[in-house]
Amino acid sequence: MNWILARRHGWAIAMRIEDLDGPRVKPGAIDQTLDILAWLGIDWDEGPVIQSQHLDPHVEAMQALAAGGMAYPCELTRGEIAAAASAPHAGDGAPAAVARPVPLVPAPFTDRETNWRFATPEGDVEIDDAFLGPSRINPAAEAGDFVIWTKRGMPAYQLAVVVDDARQSVTQVVRGDDLLESAGRQALLYQALGLSPTPIYTHLPLVLGPDGRRLAKRHGDSRLVAYRARGVPIERIWGLLASWSMPEQPRVAMDAAEFAERFDLDTMPRGPARFTPEDDAWLLARS
């Protein structure tokens with residue numbers, strides 16, 4: 001969808017490999033991802049940029065947030081913070097642990113092997129999503145003081161994407177609607193770092209398993225690379241995607257160009273798609 005909207009509206013596509021999640025990035029996954037996108041006919045205009053190879057801007061952002069009294073080191077887990085915020089049991093006189101220092105004062109960002117949290121301000125953030133419409137998000141209530149730098153010595157997702165989107169001049173972000181709440185946190189980071197403009201967000205439905213849960217190994221091997229290895233034509237992949245995003249049309253095989261021509265964001269269903277055994281059978285059918 002990102003590729004289709006970019007080609008339709010004349011946006012440049014920046015390919016960025018977000019590989020900061022350490023152990024979860026499997027060897028060969030990056031090359032395989034780029035290869036499968038090329039197989040589908042998806043191209044890009046800039047990159048690929050490997051996120052972990054360009055950390056200086058993230059360090060500079062952390063230095064600014066810490067020096068401005070907007071971030072602080074914290075080793076507590078989210079569970080420990082939640083427990084500290086609860087009322088103590090009767091007769092329990094032990095003081096509750098406090099996550100955010102009071103008062104929160106400017107400090108140098110010198111300890112990169114510690115979790116750092118953003119001091120999330122109270123109040124709602126308004127996000128005018130290009131697909132979902134206006135939303136009001138309260139990051140303080142939903143996420144609290146969220147981690148922006150990890151004890152692995154790496155920026156966390158929320159900070160990393162804000163810094164990289166800004167330095168790559170990203171103005172349009174098309175992604176899954178499971179990240180809508182993150183848009184509120186990211187808007188606050190844009191404001192705290194003095195970055196502008198905040199991108200226009202388009203949050204689209206996910207593809208779920210037949211049980212309504214996130215598509216995963218428990219539903220079988222639904223990876224595109226697996227279907228390619230089994231000889232599934234590219235046109236069947238695009239045809240399945242089209243049937244989810246344009247359900248009023250009959251399901252037929254098509255190429256990327258035909259999908260891009262037919263697709264209409266205004267008529268795309270708001271709810272998630274479900275990948276069923278019938279969908280799997282259609283992909284593998286020989287016609």
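The values are calculated or read from the model by the stated rules, or taken from the named source; none is laboratory data. Model, not experiment: these values are computed from the prediction. Reconstructed Cβ throughout: ideal geometry from the backbone, glycine too, with neighbour counts over all protein chains shown. Just the protein is used for accessible areas: all its heavy atoms, side chains included, with ligands, DNA and RNA removed. Shrake-Rupley method; radii C 1.70, N 1.55, O 1.52, S 1.80 Å.
Please state the charge dipole magnitude for the chain, taken about the Cα centre, from unit charges on C-beta atoms (+1 on K and R, -1 on D and E), reported in debye and rounded to the nearest 20. Can you show the working numbers first?
Numbers: 28 positive and 39 negative charges, 139 e Å.
Computed charge dipole of the chain: roughly 660 debye.
Among 187-197, 264-274, how do they line up by average Cβ neighbours within 10 Å per residue, starting with the highest?
On the way: 187-197: 16.0, 264-274: 12.5.
So the peptides 187-197, 264-274, ranked by packing, come out 187-197, 264-274.
Across the range 4-15, in residue order, what do the Karplus-derived ³J(HN,Hα) couplings come to in whole Hz, using 6.51 cos²θ - 1.76 cosθ + 1.60 with θ = phi - 60° and x for Gly and Pro?
These are the phi-based 3J(HN,Hα) values: 4, 5, 5, 5, 6, 9, x, 7, 8, 9, 9, 8 Hz.
Just to check I understand the Karplus step: with θ = phi - 60° and J = 6.51 cos²θ - 1.76 cosθ + 1.60, what whole-Hz values come out for the range 155-161, glycine and proline as x?
Going residue by residue, I get x, 7, 3, 4, 6, 4, 5 Hz, with x marking Gly and Pro.
How large is the dipole of the range 197-241 about the Cα centre if only Lys and Arg carry +1 and Asp and Glu carry -1, each at its Cβ, rounded to the nearest 20 debye?
On the way: 8 positive and 3 negative charges, 43 e Å.
The dipole magnitude comes to about 200 debye.
Looking at T33, L104, V59, which one has the Cα that reaches farthest to the positive end of the dipole of the chain (charges on Cβ: Lys, Arg +1; Asp, Glu -1)?
Farthest towards the positive pole: T33.
Among [x] 18.5, 56; [y] 21.8, 73; [z] 20.8, 68, find the value of Rg and Dmax of the Cα atoms in Å that was calculated from the structure presented, and write down its label.
After the calculation, the listed value that fits is [y].
For the chain, what is the accessible area per residue in Å², given a 1.4 Å probe and the full set of protein chains? Could you put the intermediate results ahead of the total?
Details: 15450 Å² over 287 residues.
So the chain comes to 54 Å² accessible per residue, rounded to a whole number.
Can you compute the charge dipole magnitude of the range 122-185 about its Cα centre, using +1 on each Lys and Arg Cβ and -1 on each Asp and Glu Cβ, nothing else charged? Give it in debye, rounded to the nearest 20. Kindly include the intermediate steps, with their values, before the conclusion.
Numbers: 6 positive and 12 negative charges, 88 e Å.
It comes to approximately 420 debye.
Residue-wise, which Karplus ³J(HN,Hα) couplings in Hz belong to the range 195-205, taking 6.51 cos²θ - 1.76 cosθ + 1.60, θ = phi - 60°, and x for glycine or proline?
For the range 195-205, the Karplus curve yields 9, 7, x, 5, x, 7, 9, 10, 9, 10, x Hz.
At a 1.4 Å probe radius, carbon and sulfur cover how many percent of the accessible area of the chain?
On the way: 8320 of 15450 Å².
Ligands and nucleic acids excluded, carbon and sulfur give 54 percent.
What does the accessible area of T276 come to, in Å² to the nearest 10, when a probe of 1.4 Å is used?
The accessible area comes out at roughly 40 Å².
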